[in-house]
Amino acid sequence: MAPGTGQPGLARSIPVALSIPAIGLDAPLTQLGLNADRTVQVPDNAQEPGWFRLGPSPGEVGSAVILGHVDSRQGPAVFFRLRSLQAGDQVTVTRADCTVARFLVDAVATYPKTQFPARQVYGSHGYSALQLVTYGGDFDPKARSYRSNVVVYTSLAGTPPASHQTNEPDGTAGRA
């Protein structure tokens with residue numbers, strides 16, 4: 001049985017915040033698309049992860065993807081501790097429709113950039129999944145980038161009530 005197959009998918013709704021208690025992460029989400037060369041955008045702000053808006057939203061059937069930086073010139077970034085997650089750790093995404101999609105970590109994997117499993121990360125597997133992606137492995141000082149990617153695979157475990165409600169249909173009330 002595939003992970004998450006016991007939970008029905010949710011309707012599409014823009015994700016607005018990400019929480020991962022095991023690593024002390026609570027952050028607002030930005031939206032990402034594609035660069036001119038058709039590669040996936042990365043967040044402009046090292047402290048804010050971004051949701052790939054051309055795929056499913058977290059909770060919809062399919063693979064939603066959130067990307068974030070591991071570090072910056074200023075030090076550790078939003079996904080610095082992502083690689084330390086373990087199977088069973090909880091990840092929650094608050095959505096604009098005031099629902100909270102709760103995911104459980106299935107696995108954490110590191111792949112050389114040249115062997116990044118795009119279909120496994122971005123493709124639909126018939127259930128509601130959320131993949132968290134950052135850089136990892138060795139740093140190449142000449143290229144000024146990491147040689148690998150860390151991917152956290154999760155599956156939908158439920159939808160507890162949102163801890164805060166908004167009056168705005170886009171979920172932005174009270175956000176700075």
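Residues that are touching a residue at least 40 places away in the same chain (Cβ under 8 Å), among the charged types (D, E, K, R) and closer than 19 Å to V151 by Cβ do not occur anywhere in the stretch 91-102. A single entry from T154, T92, T134 fulfils the requirement of being touching a Lys or Arg at 6+ places or on another chain (Cβ under 6 Å), crowded, with 19+ Cβ neighbours inside 10 Å and either modelled with pLDDT under 95 or in a strand (DSSP E or B) (or both): T92. Within the stretch 57-87, can you find the residues that are of a type in the set (S, T, Y) and in a strand (DSSP E or B)? Across the stretch 57-87, the qualifying residues are S63, S72.
For the stretch 99-131, give me each residue that is part of a loop (DSSP other than H, G, I, E, B) and either crowded, with 18+ Cβ neighbours inside 10 Å or among the small types (G, A, S) (or both). Within the stretch 99-131, G123, S124, G126, Y127 qualify.
Sub-7 Å Cβ pairs linking a first residue in the stretch 33-56 that is within 18 Å of K113 (Cα to Cα) and at pLDDT 95 or above to a second residue that is of a type in the set (G, A, S) and surrounded by fewer than 18 Cβ atoms within 10 Å (Cβ to Cβ), at least 6 apart or interchain, are Q41/G33, ordered by first then second residue.
The values are calculated or read from the model by the stated rules, or taken from the named source; none is laboratory data. Everything numeric here is computed off the predicted structure, so don't read it as measured data. Note that we place each Cβ from the backbone using ideal geometry, even for glycine, and neighbour counts take in every protein chain shown.
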